[in-house]
Structures are given as C-alpha cells and as structure tokens.
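Asker: For reference, the structure I am asking about is given below.
Laboratory data are not the source of any read-out in this text; all were calculated from the coordinates shown. Remember, predicted model here, so these are calculated numbers, not experimental data. Every residue, glycine as well, gets a Cβ built from its backbone with ideal geometry; the counts of neighbours run over all protein chains shown.
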Ligand SMILES: Cc1ncc(C[n+]2csc(CCOP(=O)(O)OP(=O)(O)O)c2C)c(N)n1
C-alpha cells in the first residue's frame, strides 16, 4: 500500500449503509494481514441525520479517527454530505460522490435551500473528483439501497486488493438474500470506474 | 490450528470478554453508546441476560447474582451510573461474591447524550478500581482482568468505555470460555447487611482495599511505560492513548489501563525519566489534579492545552503540543444542517404538532420524541434526564397551581417504566391536577428498538408479560386515564384540552407502534396539485416525506407510510389517499 496507509471516510445520511461499507473494507484489509480501525456513527444521528464512518488501514493504526486534513478518500452517498465532510480529506485526496440530492429537513420545510455549485467547489479543492448519478445505473436503478456497494466498486479500483477478494468478503458480510444484488452493484461500480 | 484475527466493535469485544471470562449473568438498561454490549452478550450460550427496567434495578440484579456466586457484567451509559449510584456506593462496602464488572460507557462530545460527565470520578467516589481500555482487544482483555481483580480484592470494578471505544472496530483473536462455577450464596450479615454497625466495620476495609489496590496497580501489566524521548512524557488512558501515540510518536509514554487508584510510584518513576509531563485526557483533569497534588519535580500540563470540553483527536494534540496546525480544506459556512428527524410515519409527530397549536408548556423527557424540540415542531420546553418530565410538571404546579392548566408532561413508554412511575405517584398522592402524556410506541426506539416491560417480549424475543399501562396508572390512584390514537389529531386535541381542565391528575396514553416495527403500509398519499393552495399547513408537521417546492406540496412516495396526518391537516382536500389513483396498489 502506498505510504503504508489508507484513510477512507464514508459519508451519508443515516440508513444509507456507511457502517456496512466500512465493515466490508475493514474485513478485507485484515484478511490481507493489514491493521485496521474504524469509527462509526450510531444512535441519535441515525434518525435521518448526517453520518460518517472512518476506516483506517495501515501496518499499524493507532487512532480510529481520521484527523482533519488527512483523509485519502471520501466516499459520499449523497452530494451535500460530501461537502460537509470535505475538511477531513487531504487536499490531494479523492472524492467519490453519488450526485443524488437528499433534502435535509430545513430544506424540505423551506427554511433554507439546498446548496448549489457543490461539485464545482469540491473539484476545485481536491486532487480528484469522481461524481456519478448512481441511481441512473443498473442495478441501483432497481434498488436505491445499492448506492453504497456501487460506490464501493469504484473505490475498489483504486485500491490494491483483487476483485475476487472483495466479492468474497461481501458474501461474508452481507445478508444472504441481498448478496447477489450487492455484488452486481459492486461490479457495476468497478466497470464504471474502468470505463 | 490457524489463529485468525477478527475485527469487532468495542461493545462486541466487551461482550466477548465477558463470555470468555465465564460471566453467566448480564444486566443492563439500554443507552448509547453501551446498548450493544448486552445485545451481543445475550447471543452466547450459558449467559443469562435480560433487560432491566432501569440501571438501578440492573445493578441490583447484578449484585444478587454476584452474591449467589456468578460472575456478572452490568452495562450502562454514563448517565445510567447516576441512576445506579445508590447501590454502587454501598456495593463498594459489601464487596462481591462472584466477580462483578460495571461497564460505564461515557460519551465525550455528546454524540447521543444530554451531558458529557466524566465517570472516572465515580471510581474515585465509590473507591473502586477503574480500568480503561484503548481499543477492542484491550476491551475484551480488561473485562477478564476486571473480574479477576473483583474477586481478588472483593470489590466491584468499573470498566470505562467511551463512544470511540464502544463504536470503533479493531482487531483481536477470540479465545475460549473459562467456565466459572456458581458456588451459591453464603450468609454473611456483617458483609452484606449494611446496618450502621456493620457498615462502620466495612468502611476501614474499603480504605485498606484501596491501598492494596494501589500496590496492585503499581505492578499491573495494564500500566506500562513506553520509553521514548526524554524531552516529553505523555500520561494517558483510554482512546486518548491512541490519539496521543499517533500525534506524538517520539514521546515517552505512561499508558494507564488500570487507572484508579493511581499507581503513584510508577508515576514518580515515569516523572524521573522525562523533562515534562503532558497529561492527555478527555473532559476533566482527573489525572492532572492527582499529579499536581503529588508535587512532582517536573512540570505537568494538560487542561491548559486541551481544555475541558468534548473529544480529543490526533490533530488537536499535534496542534496544542507541537504547534503543528493543519490547514484543512475550507468549505462554505452556510451548508444546510442535517439534524436527526422523526421518521415518516412516526407516532410522535402528531402529538407535538398538537401541543404546538395549543401553545402549551411542555415538560419533555428523553427518547425519539425529544426531537419534538427541533423546528418546525419546536414544542418541548425541557429535557433534563429520564423521568424528569412528570416531577417537573408537578413542581411547576406546586409553585403555581394555575400553571397546570397550560402544562403537560410528555414521556415515552420505556422512559415511563424506567423512572416515570414514582413521580406520577407523587402527583396523585398529592392531588396535583397535572396532565401526563405517555407516548406508547411499544418499544425503546431511540436506542435502537429494545424490548421493555411493556412490550410483551424479552431481550431474546420470547413472549413475556406486558405491563398494562392503564391498569398500572389506575393502581397508583390516577382516576382519569385514557388512551387515544396517535394518528387521530382531532381526538388528541380534544382529549388534551379536557384533561388540562380537569382538577385532578390525569394520564393520556397516546398509542401507535413505532413505524420501525411495521413492515407493511398502505400505499402512499399524493397531492392533487389543482387543489393545493400551498398554504403549508402540512409542511408544519416536519415530515421528511413532505416538501414545498414550487407551487404545491409534494409527497415523496418512496418514504410516505400513509399515516394520514397531513391529510387531516389539509383544508382543501388536496392530499388524497392512494386508492383514488390508478395503478397504485
Ligand atoms: C439514565 C439514562 N439511561 C438511558 C438513556 C438512554 N436513552 C435515551 S432515551 C431512552 C429511552 C427511549 O425510549 P422511550 O421512552 O420509549 O421513547 P422512544 O425513543 O421510543 O420514543 C434511553 C434508553 C438515558 N438518556 N439516560
């Protein structure tokens, strides 16, 4: 692994599967003999609130929290959340974002507006931006809950683990009846990134 | 045999540690970030686990199990220890039978809590040993170490986790269970019956025990010096160790895993190895003050660098100690917040909409319904601790009898059974005309939908007796008890109004299961845009399925659960049930 560490932030809205995604990455990394720590949002923030999972991989990991400005990757399942958590990413880092907009309550009630120009702002401030409307791509079109494994498929192409290993870990970590569609979503992400 | 590292959360690791150490009784009341400890422990063979009504009863059950000779784990969030403090402080005097470990899961930064009290003080207050793991592996190991200490020194032991331990994952190699025999109770009044005469004899034992424990801490492998540069010594415990290790790789460390009583000789030895000691600890200067009282030969700094608030992190330590300030990417400041919200179909929404309309003073309590304090519902005026709503409404009525006409206490079902019954008893006993609303959604929703004595189901999902709330309130002496449907806004409003007028204690039970417990819903409602006048009456419900974009309200059909509240509020018949639209099942 390049400079022996990989700090991955996974952002989203409560219920979008940030914890599961972190668990898949973490399990794969330990099965490859690396050290891993994660930190997750449980509890109150899961009621539709903003959530973040930190995943840190390296030869030896101390803190489970990625320090501000240190993240290598920011995987965001929603557009506004990518902007919110950007300060945790290093300016050379990569953002992989689903361009879907999920309006937070203050936007729904008309108290404030959903921010404009988010992708432009992110692009101007990070090393690399991969923005994709995941909901327009099969099989996410059929099941919006596959956004997480689709984006994971994109992230996976930038990491050094083989695709088969990812798929195997997904079999272990995901409920049996959802494994197939998740694998398809991952595969779709993988293909998307390699296009 | 292949040894395989696995990755687990701190809470999973604590449960595993208890299982491996032969714990056969697990006691808890849910509370973030501790909840998953008992949930995980209950999945192991041979461990009797159940939810208790509150933390005090949980600890008392634990004490009984320990007296019977079992090894016991009792788990709660930091504020739960306040509830359990009464038995805890005298348990310190009686000591234990089988080993007893009390897990206190603290929440620096208040991710899901009403305060960020530092429960290390409880270990000092109760004069019991304190262990502080730094990751999952230590969390597992320290549970066994705590139980050994508990039995060796005849004392309960506190193991303190924090959110970043409980809800972080790191690796460990699982071990095997060591069975622990439940030996049975041996009568010993001088030890277990804390009459003053006996307690006076136990107190010196507690003080001597503390001295012996300090000696134990001096040689404990849980406390270690990690040599490094002489220039800087770092003293720390818990997750702060990992933050500091990352930020200050060259320093000499004193890592305290067995952190109370403080091993003073070890601290002095450490002080002699370094030019300066930096105490890296979250929240209160627990170690720092003890170090300052030792008058060491080297300077000690801590809180002047880090302050007293919230969580630490490697970047904060780098900045405060090394002056290395990072310049993180700056983003615009006006990013709309994304606060947690009541779910679409939440049974609490209509209640708070009604209370707001009636312009009442609302003594609130703790649970999902506390979200009723946030806009647009904005209708909770207090939240102190679990159970406080009823006592506070009573206190208001005592200070000003007229206040009862415009005040309600609002409390969830789990919270009512946790600590709402006794203040209701105060109210009826003293004939106070207060109005109490019990929001019965048949679960402990906030902490992740645990069963409780009112749900008719145990922790393991087995059927059990369910308390009848109407009968319970009636048996306390409340004469005006009635139940209303949480989705019937008209009835809610009229019931609340009539109960406020009543000159005696009344209870309104507002009922509907939490939407999380349901799997099937009627098809979503829709908006007839020709009829919608954009008056926004429905938007004031703060339902995530409703929005106002453009000329008409919109219903997000993928998340609408057809609770029908918005339909009841629409004066223009613009919100329609699905049955009227073709092609919707
Ligand atoms: C002493 C204490 N123990 C535990 C908690 C954690 N906690 C917060 S709210 C709550 C219960 C919520 O259940 P309920 O009253 O039924 O309301 P709901 O969330 O279902 O609406 C718990 C256990 C706490 N805040 N204080």
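Asker: Out of the strands (runs of 3 or more DSSP E) lying entirely within segment B:1-97, which hold 1 or more residues that are within 14 Å of chain A (Cβ to nearest Cβ), within 16 Å of the ligand (Cβ to nearest atom) and touching a strand residue (DSSP E or B) at 6+ places or on another chain (Cβ under 6 Å)? First the steps, then the outcome.
Answerer: Working: elements: B:6-9, B:25-28, B:48-51, B:72-77.
In segment B:1-97, B:72-77 are the strands (runs of 3 or more DSSP E) which contain 1 or more residues that are within 14 Å of chain A (Cβ to nearest Cβ), within 16 Å of the ligand (Cβ to nearest atom) and touching a strand residue (DSSP E or B) at 6+ places or on another chain (Cβ under 6 Å).
Asker: Name every residue in segment B:224-244 that is free of Cβ contacts under 8 Å to residues at least 60 places away in the same chain and crowded, with 23+ Cβ neighbours inside 10 Å, in order of residue number.
Answerer: Selection gives B:234, B:235, B:236.
Asker: Suppose the filter is more than 13 Å from the ligand (Cβ to nearest atom) and either surrounded by 15 or more Cβ atoms within 10 Å (Cβ to Cβ) or in a loop (DSSP other than H, G, I, E, B) (or both); does residue B:453 pass it?
Answerer: No.
Asker: Being buried (at least 22 other Cβ atoms within 10 Å of the Cβ) and assigned to a loop (DSSP other than H, G, I, E, B): is that true of residue B:446 here?
Answerer: Against the criterion (buried (at least 22 other Cβ atoms within 10 Å of the Cβ) and assigned to a loop (DSSP other than H, G, I, E, B)), residue B:446 qualifies.
Asker: On the basis of being facing chain B (nearest Cβ under 7 Å), farther than 27 Å from residue B:447 by Cβ and either in contact with a strand residue (DSSP E or B) (Cβ under 8 Å, 6 or more places away or on another chain) or assigned to a loop (DSSP other than H, G, I, E, B) (or both), does residue A:30 make the cut?
Answerer: Yes, satisfied.
Asker: Evaluate segment B:422-438: report whether one residue or more is on the phi > 0 side of the Ramachandran plot and more than 16 Å from the ligand (Cβ to nearest atom). Lay out the reasoning, then the answer.
Answerer: Residues of segment B:422-438 that are on the phi > 0 side of the Ramachandran plot, as a first pass: B:431.
From what is left, the residues that are more than 16 Å from the ligand (Cβ to nearest atom) are B:431.
Among the residues of segment B:422-438, at least one is on the phi > 0 side of the Ramachandran plot and more than 16 Å from the ligand (Cβ to nearest atom), which makes the answer yes.
Asker: Next question, about the same structure. Only one of (1) more than 7 Å from chain B (Cβ to nearest Cβ); (2) touching a residue at least 40 places away in the same chain (Cβ under 8 Å) is not met by residue A:84, so which one is it?
Answerer: So residue A:84 meets the others, but not (1).
Asker: Moving on. Quick check on residue A:69: is it surrounded by fewer than 20 Cβ atoms within 10 Å (Cβ to Cβ), within 9 Å of chain B (Cβ to nearest Cβ) and touching a strand residue (DSSP E or B) at 6+ places or on another chain (Cβ under 8 Å)?
Answerer: Taking the combined requirement at face value, the residue satisfies it.
Asker: Within segment A:87-119, track down each residue that is within 9 Å of chain B (Cβ to nearest Cβ) and assigned to a strand (DSSP E or B).
Answerer: A:89, A:90, A:91, A:93 - these are the residues of segment A:87-119 that are within 9 Å of chain B (Cβ to nearest Cβ) and assigned to a strand (DSSP E or B).
Asker: Follow-up question, since we're still on this one. Please give the helices (runs of 4 or more DSSP H) falling wholly within segment B:467-585 in which 3 or more residues are free of Cβ contacts under 8 Å to residues at least 60 places away in the same chain and over 22 Å from residue B:418 (Cα atoms).
Answerer: Qualifying helices (runs of 4 or more DSSP H): B:489-501.
Asker: Within the set of pairs 6 or more residues apart or between chains, which connect a residue that is closer than 13 Å to residue B:35 by Cα inside segment B:100-114 to a residue that is assigned to a strand (DSSP E or B) and within 13 Å of the ligand (Cβ to nearest atom) with Cβ atoms less than 6 Å apart?
Answerer: Listed pairs, sorted by first residue: B:103/B:75; B:105/B:77.
Asker: In this structure, is residue B:364 under 20 Å from the mean Cα position of the chain (by Cα), within 14 Å of chain A (Cβ to nearest Cβ) and more than 9 Å from the ligand (Cβ to nearest atom)?
Answerer: No; evaluated as a whole, the condition is false for this residue.
Asker: If you go through segment B:172-182 one residue at a time, do you hit one that is in contact with a helix residue (DSSP H, G or I) (Cβ under 7 Å, 6 or more places away or on another chain), under 30 Å from residue A:28 (Cα atoms) and within 14 Å of chain A (Cβ to nearest Cβ)?
Answerer: For segment B:172-182, residues in contact with a helix residue (DSSP H, G or I) (Cβ under 7 Å, 6 or more places away or on another chain), under 30 Å from residue A:28 (Cα atoms) and within 14 Å of chain A (Cβ to nearest Cβ): present.
Asker: Something else about it: Quick one: residue B:143 ticks every box in (1) assigned to a helix (DSSP H, G or I); (2) in contact with a strand residue (DSSP E or B) (Cβ under 7 Å, 6 or more places away or on another chain); (3) closer than 19 Å to residue B:202 by Cα except a single one, so which number is it?
Answerer: Of the numbered conditions (1) assigned to a helix (DSSP H, G or I); (2) in contact with a strand residue (DSSP E or B) (Cβ under 7 Å, 6 or more places away or on another chain); (3) closer than 19 Å to residue B:202 by Cα, the odd one out for residue B:143 is (3).
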